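Beneath this line is the structure, given in structure tokens, with notes to follow.
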Amino acid sequence: MSGEVGIGIVGYGIMGKAHSYGYTVAPVMRRLRHRPRLRVISGRDKQKVDAAAVAYGVDGSVTDWRELVRRPEVDIVDICTPPGTHAEIAIAAAAAGKAVICEKPLAVTYPQAASAVDAAGKARVLNAVGFNYRSLPAVSLMKRMIGEGAVGKIRLLRATWLSDEFVDPTIPFDWRFDRSMGGTTIADLGSHLIDLATWMAGPIAEVSGQSETFIRQRSDKAVTVDDASAALVRFESGARGALEMARVAVRRPCDFTIEVNGDRGTLVFEYARLNELLYGDAGDRPELYGMRRIRAEQQSHPYAADWWPIGQGVGYGSSFVNHLGDLLDRWPDGPWEPDFAQGAAVQAVCDAIERSAAESRWVDVREIVG
């Protein structure tokens, strides 16, 4: 350890808790160049943010995120608030010369995301988006195997994220149902799928989407987000794909999958078995036809050496430990990845799917980015 790096967390909800956990556990599980110190956390409700500071092990709390951004002891501003607030906070943090980590999605529209990219670029500050699922050992292994040619040339990719978060029609209206604050289901759940898809198969060129809001009012207020959406996609490489995201799938708590089919093999990740990959190799002997199950816990696998002995597995929280640990390892010189530019590229695809669904046509992503 060469010293401390001061962290300021904006938002004390579930993501603020998850990021606090990541910073706390990272120095326990791996050797870091700098030890993170949770300096301050912000939230509008004084009683709740004070309690969160105590529970999460943060030095202090404030009720105005602008004060957090100004604090000299804060080196990194970590944004864990609803999506509609992300761009404003990120721009202010960059202007103050702070490195910025922002939960996904980077924004709720592409112009907002592009503004955050511009602000970070002009200020020359490190910036990253919280696409934490990249840092699950099995998902990272999937990316590595694709890069090593395990599936050959990618032809098809399909990814789904099914949740039952919005099934109950009596759930009262809150920010999650307001597009300007919570973003669409496409941006909320779909951003993870789009990030993983483009990370593994390259940029998406055009999309054809559909969306539906089944429960159109809550607490006598109009719901302005989609309950479920899907899209066909064409990658710049010529590969084809299908994405589906829904928050009204009964008894699907947080189920996401990603499958890649190439001309030499298939790889499948299922979040319900998050320490495993399925792999089918076209070169296998005919009598071994089928898929083999890989336990992504062997010491040579990504991140595995930092965790438990083989067979013990890791969980959701480990993705934050791994992702934030990677960023801390590259402090203060960088580069950080995925960065705001990658987050904005994902948002451009989200916007393209939304436009396609609204206009019932294929949309080229270049329409969004200009």
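Read-outs throughout are calculated quantities, based only on the coordinates presented, and are distinct from any laboratory measurement. Model, not experiment: these values are computed from the prediction. Note: ideal-geometry Cβ built from the backbone for every residue, glycine included; neighbour counts use all protein chains shown.
Tabulated values for the structure
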item: Long-range neighbours under 9 Å by Cβ, at least six apart or interchain, first residue small (Gly, Ala, Ser) within the range 264-281, second in a helix (DSSP H, G or I); result: 265/145
item: Check on residue 197, among the hydrophobic types (A, V, I, L, M, F, W, C) and under 17 Å from the mean Cα position of the chain (by Cα); result: yes
item: Sole residue being outside any helix (DSSP H, G or I), more than 14 Å from residue 231 (Cα to Cα) and either over 21 Å from the mean Cα position of the chain (by Cα) or not hydrophobic (A, V, I, L, M, F, W, C) (or both), chosen from 333, 326; result: 333
item: Qualifying residues in the range 249-293 (those that are more than 25 Å from residue 238 (Cβ to Cβ) and of a type in the set (Gly, Ala, Ser)) - the one surrounded by the most Cβ atoms within 10 Å (Cβ to Cβ); result: 249
item: Options 103, 67, 88: the member that is surrounded by fewer than 21 Cβ atoms within 10 Å (Cβ to Cβ) and closer than 22 Å to residue 188 by Cα; result: 88
item: Pick from the range 106-132, criterion in contact with a strand residue (DSSP E or B) (Cβ under 7 Å, 6 or more places away or on another chain) and under 27 Å from residue 35 (Cβ atoms), ranking: surrounded by the most Cβ atoms within 10 Å (Cβ to Cβ); result: 129
item: In the range 38-63, the residues that are among the β-branched types (Val, Ile, Thr), in contact with a Lys or Arg (Cβ under 9 Å, 6 or more places away or on another chain) and under 21 Å from residue 324 (Cβ atoms); result: 40, 58
item: So residue 41, is it in a strand (DSSP E or B), in contact with a Pro (Cβ under 7 Å, 6 or more places away or on another chain) and buried (at least 24 other Cβ atoms within 10 Å of the Cβ); result: no
item: Selection from the range 307-323 of residues that are in a loop (DSSP other than H, G, I, E, B), hydrophobic (A, V, I, L, M, F, W, C) and in contact (Cβ under 8 Å) with a residue 40 or more places away in the chain; result: 307, 314
item: Those residues of the range 44-61 which are assigned to a loop (DSSP other than H, G, I, E, B) and surrounded by fewer than 20 Cβ atoms within 10 Å (Cβ to Cβ), in sequence order; result: 44, 45, 57, 59
item: Among (1) assigned to a helix (DSSP H, G or I); (2) within 23 Å of residue 161 (Cα to Cα); (3) touching a strand residue (DSSP E or B) at 6+ places or on another chain (Cβ under 8 Å) - the single one residue 348 does not satisfy; result: (3)
item: Residue match in the range 122-140 (condition: in contact (Cβ under 8 Å) with a residue 60 or more places away in the chain and under 17 Å from residue 235 (Cα atoms)); result: no
item: Any helices (runs of 4 or more DSSP H) falling wholly within the range 62-141 and containing at least 2 residues that are of a type in the set (Gly, Ala, Ser); result: 86-95, 110-123
item: Selection from the range 5-29 of residues that are among the small types (Gly, Ala, Ser) and in a loop (DSSP other than H, G, I, E, B); result: 11, 13
